[in-house]
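What follows is a single structure, written as structure tokens, with notes after it.
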Amino acid sequence: MSCDDLVCARCAHPVAEGRCPQCRAYRDRMHHHGLAGMTPAMLSLLLIALLFLTLALKHLAGV
């Protein structure tokens with residue numbers, strides 16, 4: 001869901017327009033990303049890549 005689809009209960013305008021303080025706060029919260037600006041999907045891919053790298057290094061080391 002994006003803030004383009006939401007209507008503010010306080011001012012009855014689209015949240016994406018940010019007309020009132022509550023709209024702006026919610027819009028900022030919706031667009032806030034996690035660690036270092038990465039989306040959760042990117043963090044998941046990074047963790048999976050690190051897992052495969054660890055497994056490959058273990059296999060190459062013969063452990």
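Structural remarks
- Each Lys and Arg adds +1 at its Cβ and each Asp and Glu adds -1 at its Cβ; summed about the Cα centre, the chain shows a dipole of about 160 debye.
- Once the Cα atoms are used to define both axes, helix 21-31 deviates from the longest principal axis of the chain by about 20 degrees.
- Estimated inter-spin distance, Asp5 and Val63, nm [label 7 Å along Cα→Cβ]: 4.5
- Relative packing of 38-47, 13-22, which averages over residues the other C-beta atoms within 10 Å, highest first: 13-22, 38-47
- Structure-derived Rg/Rh (Cα atoms, Kirkwood Rh) - corresponding label in [x] 1.39; [y] 1.51; [z] 0.93: [x]
A short reminder: the numbers here are calculations on the coordinates, not readings from a lab. Small disclaimer: the values here were computed from a predicted structure and weren't measured. Glycine gets a Cβ as well: all are built from the backbone with ideal geometry, and neighbour counts include every protein chain shown.
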